[in-house]
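J.: Structure below; questions to follow.
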Amino acid sequence: MSDQARYPAPAEWTKRTRLDAAAADALRGRALADPGSFWLEQARRLDWIKRPEIAGDWSFNADDFHISWFRDGRLNLTLNCIDRHLSTRGDQTAILWEPDDPAAAPRAISYRELHREVCRFANVLKGAGVGKGDRVTLYLPMVPEAAFAMLACARIGAIHSVVFAGFSPDALAGRIEDCGSTVLVTADEGRRGGKTIPLKASADEAAARAPSLKAMIVVRVTGAETAMTDGRDRWYHEAAADVPADCPAVPMEAEDPLFILYTSGSTGKPKGVMHTTGGYLLWASYTHALCFDPKPGEIWWCAADVGWVTGHSYVVYGPLANGATTLMFEGVPNWPDASRLWQVVDRHKVTTLYTAPTALRALMREGDAPVKATSRASLKLLGTVGEPINPAAWRWYHHVVGEGRCPVIDTWWQTETGGAMIAPLPGATDLKPGSATLPLPGVDPQLVDADGTLLSGPAEGNLVITRSWPGQMRGVWGDPERFFQTYFTTFPGRYTTGDGARRDADGYWWITGRVDDVINVSGHRMGTAEVESALVGHEAVSEAAVVGMPHDVKGQGIYAYVTLASGHDGDEALRQELSQWVRREIGPIATPDAIQFAPGLPKTRSGKIMRRILRKIAEGETSAQALGDTSTLAEPAVVDDLVANRVEQP
Ligand code: WTA
């Protein structure tokens, strides 16, 4: 197998990071043998108002369940991400912004300017009545103001909930209401790939359904004509003109909540994953430093949107805590053409690029010419995140994009983990294409079988984490029971990731994908239950079952089986209508790739839908052997109809 192909850590990286394979192993050993002192030592990466003397205090067991890190410590995140850099690198660029339109001017915001912008924003929030512990929802495009707003919340101890600007008004309203936000920060419009997105109009629609909302702050991005509601809405630039450019940082307990980020699970509505201040910030900073070794003068580019956890940890918090220059990109990889990412690399002399496999697969399809038309000489390191990277895409990234010079750092992690968990260290870890390689020091992944029995040596099974780490999520907003139920009951005493994995003979980890009803579409998590619930909300639909299917570019696509209510015809027009319906209900990322009209779904006699069979059919595996035993179905004949009417990948 491809287990044999090894790319040794380059000597210049070993020299640069002063961490070779043996030193990395020693660090892993020490972190697990004496976690208390290891993590208190790591905590020195941060500036504390009161330095903690307690590291982790946690138990994953039902009778004593609790998780805290550095709970006697006090800090403010923005003192770490901004103020402490002012004396050493106040004039260095903190945020470098590349606009959607390559002909428009980039913006460079120095740490000193960032300090003023964040303080102003914090004062505007205060003016809107926001205080410590209050929730603020951000619905913003990729403009620097998105980072200012996040940091402004942290400055005054407010809790931000960033909602990806591609989500629908309904999805936004649900997320505002769930955490009881009183203030929404949005923009007139966003820009992406040469198009504009009417954010304020969507925000107005959401506000009508979200009674908790009292105020809206609107950032002017495109200058489009925008309706403002008197007494509720205020332009950011007008409000900012009236407030001081300084704002004291509120001292926070390490365990005070920092943000909520909604993510999809196997069941029910998206849950508000809650992270706290000290442990999360340390994790973002520690993992960014270990995996990517940022250096002054270098340009770090994480191409994720701040609407996802990757944007939180690696566009904003990790790099700024580490005093890096972080590039923020408003656009998309394939506009105006397939060369855009590499043009941006050249324009800003990007040193490290961190992006998703789906983007690489899409660009790979366009051939090597758009890459080779650029220099990319500044690149030293490459990274990926969000989904398993297939070895072909890995090799293309390494050989064509990086010209064989840059290690590929494949980082496995989740919204719940706060930052990278399994990933190579550039100077220490030999790479294998498609493997996230080894756990970071302090991370203790294990494999268990379906019964929860621990597997040793080379094996494949369910990926669990057996001990807490500082970046671990601390709760589901408003639903502590759901936190415990979702993550700690399947395999008692362990954190269940929901992923499957294989460990090879060298101890390398290969993530095989989700084992639950979550699908990963272009690196974005989608709960099948969410799409099903949107579909059955349409009057023509009586029942729906959604599964993932293999997709060349997206990794996984959304395959929906739909049973219609009587009186409706399953024709092409209805298929289009249902697609549009889901798009409107959730957002474009949830648009089904295939809809199959099915007179019946395969159910057990107790009425449970056999998803295993639906998955196989969607994957195109329709032999009797692949489908397995169907004799326990209430109506085995429905399977023949499903197979006969299967929809090919478009
Ligand atoms: C998947 C994104 C393989 C995995 C940071 C996980 C990966 C889910 C990788 C979390 C990777 C993320 N290799 N699979 N390097 N990175 N995943 O919460 O299934 O949006 O559980 O966090 O993405 O997605 P989330």
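J.: Within the chain, which cysteines find no other Cys whose Cβ is under 4.7 angstrom from their own?
T.: Flagged as lacking a Cys partner: Cys81, Cys153, Cys179, Cys291, Cys302, Cys406.
J.: According to the square roots a ≥ b ≥ c of the eigenvalues of the Cα gyration tensor, what is the shape class of segment 363-512, taking rounded for a/c under 1.5, prolate for a/b larger than b/c otherwise, and oblate for the remainder?
T.: prolate
J.: What is the extension gain from Asp430 to Ala62, computed as 0.36 nm multiplied by their sequence separation minus the C-alpha to C-alpha distance, in nm to one decimal?
T.: Extra length from Asp430 to Ala62 when fully extended: 128.6 nm.
J.: So for segment 79-174, what are the equivalent ellipsoid semi-axes in whole Å, largest first, each being the square root of 5 times an eigenvalue of the Cα gyration tensor?
T.: They are 24, 20, 9 Å, listed from largest to smallest.
J.: Another question about this same structure. How high is the relative contact order of segment 494-650, in percent, with contacts defined as C-alpha pairs under 8 Å that are six or more residues apart?
T.: 17
J.: Mind putting a number on the dipole of segment 508-637 about its Cα centre? Charges go on the C-beta only, +1 for Lys and Arg and -1 for Asp and Glu, and I need it in Debye to the nearest 20.
T.: Here segment 508-637 has a charge dipole of around 440 debye.
J.: Let me ask something else about it. Say each of Ala103 and Ile54 gets a label point 7 Å from the Cα, pointing the same way as Cα to Cβ; how far apart are those two points in nm?
T.: Each label point lies 7 Å from its Cα, and together they span 6.0 nm.
J.: Arranged from highest to lowest average of other beta-carbon atoms within 10 Å per residue, in what order do the peptides 142-155, 633-646 appear? Don't skip to the answer; put the middle values down first.
T.: Working: 142-155: 26.7, 633-646: 15.1.
Ranked by mean Cβ neighbours within 10 Å, highest first: 142-155, 633-646.
J.: Counting DSSP beta bridges with both partners in the chain, what percentage is antiparallel, nearest 5?
T.: On the way: 60 of 100 bridges.
Around 60 percent antiparallel, to the nearest 5.
J.: Farthest toward the dipole's positive end in the chain, which of Ala634, Gly434, Ser522, given Cβ charges of +1 (Lys, Arg) and -1 (Asp, Glu) about the Cα centre?
T.: Selected residue: Gly434.
J.: Would you mind counting up the charge near Asn520? Only other residues with Cβ under 9 Å from its Cβ, with Lys and Arg at +1 and Asp and Glu at -1. Each step should come with its number before you reach the end.
T.: Details: positive: Arg514, Arg525, Lys554; negative: Glu387.
Combined, the nearby Lys, Arg, Asp and Glu give +2.
J.: With the radius of gyration and the Kirkwood radius both derived from the Cα set of segment 511-587, what is their ratio Rg to Rh? Please report the intermediate quantities before stating the final value.
T.: Details: Rg = 13.0 Å, Rh = 13.1 Å.
Rounded to two decimals, Rg/Rh equals 0.99.
J.: Something else: On a full-extension model of 0.36 nm per residue, what is the gain between Ala21 and Ala201, subtracting their alpha-carbon distance, rounded to one decimal in nm?
T.: 59.5 nm
J.: Ok, one more. Report the percentage of all Cα-Cα pairs in the chain whose separation exceeds 30 Å, rounded to a whole percent.
T.: 55
J.: Any of Lys380/Lys554; Lys432/Lys616; Lys295/Lys349; Lys372/Lys432 with alpha carbons more than 19 Å apart? Name them for me.
T.: The answer is Lys380/Lys554; Lys432/Lys616; Lys372/Lys432.
J.: Another question about this same structure. Counting residues in segment 517-636 as N, plug N into 2.2 N^0.38 Å and put the Cα Rg over that result.
T.: Dividing the Cα radius of gyration by 2.2 N^0.38 Å gives 1.04.
J.: Within the chain, which complete DSSP H helices have Cα atoms spanning at least 15 Å along the helix axis and a mean Kyte-Doolittle hydropathy of 0.0 or higher?
T.: 21-33, 144-156, 277-292
J.: What ranking do His312, His237, His568 get, fewest neighbouring Cβ atoms within 10 angstrom at the top?
T.: Arranged by neighbour count, lowest to highest, His312, His237, His568 become His237, His568, His312.
J.: Counting other beta carbons within 10 Å of each Cβ, put Leu627, Leu282, Leu75 in order, fewest first.
T.: The fewest-first ordering by Cβ neighbours comes to Leu627, Leu75, Leu282.
J.: Next question, about the same structure. By its C-alpha gyration tensor, with a ≥ b ≥ c as the square roots of the eigenvalues, how is segment 200-307 shaped: rounded for a/c under 1.5, else prolate for a/b larger than b/c, else oblate?
T.: Values: a/c = 1.77, a/b = 1.40, b/c = 1.27.
The shape class here is prolate.
J.: Once you keep just the Cα pairs under 8 angstrom separated by 6 or more residues, what percentage relative contact order results for the chain?
T.: Reported relative contact order: 13 percent.
J.: By the gyration tensor of its Cα atoms, with a ≥ b ≥ c the square roots of the eigenvalues, what is the shape of segment 460-556: rounded for a/c under 1.5, prolate for a/b over b/c, or oblate?
T.: oblate
J.: What number, in percent, do you get for the relative contact order of segment 112-180 if the mean sequence gap of Cα pairs under 8 Å and at least 6 apart is divided by its residue count? Intermediate values should be presented prior to the final figure.
T.: Numbers: 72 pairs, mean separation 24.5, N = 69.
Rounded, it is 36 percent for segment 112-180.
J.: Now a separate question. Cβ under 14 Å from Val345's Cβ, Val345 left aside: what net charge do those residues give with Lys, Arg +1 and Asp, Glu -1?
T.: On the way: positive: Arg340, Arg347, Lys349, Lys372, Arg376, Lys380, Arg405; negative: Glu98, Glu298, Asp346, Glu403.
Surrounding charge for Val345 is +3.
J.: Here is a further query. Tell me which aspartates and glutamates have Cα within less than 14 Å of Lys269's Cα, excluding those fewer than 8 residues away on the same chain?
T.: Partners found: Asp170, Glu177, Asp178, Asp479, Asp517, Glu530, Glu532, Glu585.
J.: Per residue, how big is the convex hull around the C-alpha atoms of segment 577-650? Give it to me in cubic angstrom, could you? Could the numbers behind the result be given before it?
T.: Details: hull volume 7.7 nm³, N = 74.
Looking at segment 577-650, the number lands at 104 Å³ per residue.
J.: Work out how much length Thr267 to Ser375 would gain on full extension: take 0.36 nm times their residue separation and subtract the Cα-Cα distance, in nm to one decimal.
T.: Between Thr267 and Ser375, full extension yields 34.2 nm more.
J.: Expressed as a whole number of Å, what is the distance separating the alpha-carbon centroids of segment 218-267 and segment 420-488?
T.: 34
J.: Say the dipole of the chain comes from +1 at the beta carbon of Lys and Arg and -1 at that of Asp and Glu; which of Leu96, Gly223, Ala598 then lies farthest toward its positive end?
T.: Leu96
J.: For segment 83-124 and segment 269-313, what is the separation of their Cα centres, given in Å?
T.: Spelled out, the Cα-based centre of one part sits 18 Å from the other.
J.: Could I ask something else about it? So if I take the centroid of the Cα atoms in segment 332-376 and the same for segment 597-650, what is the distance between those two points in Å?
T.: Here the two parts' Cα centres lie 41 Å apart.
J.: Compute the Rg to Rh ratio over segment 1-97 from the alpha carbon atoms, using the Kirkwood formula for Rh, and round to two decimal places.
T.: Using only Cα positions, Rg/Rh for segment 1-97 is 1.10.
J.: If you don't mind, another one. Taking the Cα centre of the chain as origin, sum charge times position over the Cβ atoms of Lys and Arg (+1) and Asp and Glu (-1), and report the length of that vector in debye to the nearest 20. It would help to have the intermediate numbers written out before the result.
T.: Numbers: 66 positive and 79 negative charges, 327 e Å.
For this selection, approximately 1560 debye.
J.: Looking at segment 135-231, send over the antiparallel percent of its DSSP beta bridges, to the nearest 5.
T.: Details: 3 of 16 bridges.
Antiparallel: roughly 20 percent of the beta bridges in segment 135-231.
J.: Something else: Could you order peptides 539-545, 461-467, 382-388 by the average number of other Cβ atoms within 10 Å of their residues, highest first?
T.: Averaged packing, sorted descending, gives the order 382-388, 461-467, 539-545.
J.: Any idea how far apart Arg583 and Lys214 come out in nm if each label point goes 7 Å out from Cα toward Cβ?
T.: 3.8
Read-outs: derived from the displayed coordinates by stated rules, not from any lab. Worth saying up front: this structure is predicted, and the values here are computed from it rather than measured. All Cβ positions, even for glycine, are placed from backbone atoms using ideal geometry, and neighbour counts span all protein chains on display.
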